[in-house]
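Encoded as structure tokens, the structure appears first; notes follow it.
The values are calculated or read from the model by the stated rules, or taken from the named source; none is laboratory data. Everything numeric here is computed off the predicted structure, so don't read it as measured data. All Cβ positions, glycine included, derive from the backbone under ideal geometry; neighbour counts span all protein chains shown.
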């Protein structure tokens, strides 16, 4: 899990279907969930959905 925290809060959680290699200062990590804070969470999620293959199931 990758937490990108602002003021100890997150408001978007992304669950990945398969592990994603993420390069961090401590080295590369395999990530299956990403949690972050976005000023406009609905807009971020809408933009992410634009890149999902057709028929991909999402939780709203």
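Tabulated data
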| quantity | calculated |
| --- | --- |
| Some residue of the stretch 28-51 being modelled with pLDDT under 85, surrounded by 11 or more Cβ atoms within 10 Å (Cβ to Cβ) and either in a helix (DSSP H, G or I) or in contact with a helix residue (DSSP H, G or I) (Cβ under 7 Å, 6 or more places away or on another chain) (or both) | no |
| Pair list, Cβ under 7 Å, 6 or more apart: the stretch 9-38 residue more than 19 Å from residue 52 (Cβ to Cβ), other residue modelled with pLDDT under 90 and loosely packed, with under 11 Cβ neighbours inside 10 Å | 37/5; 37/9 |
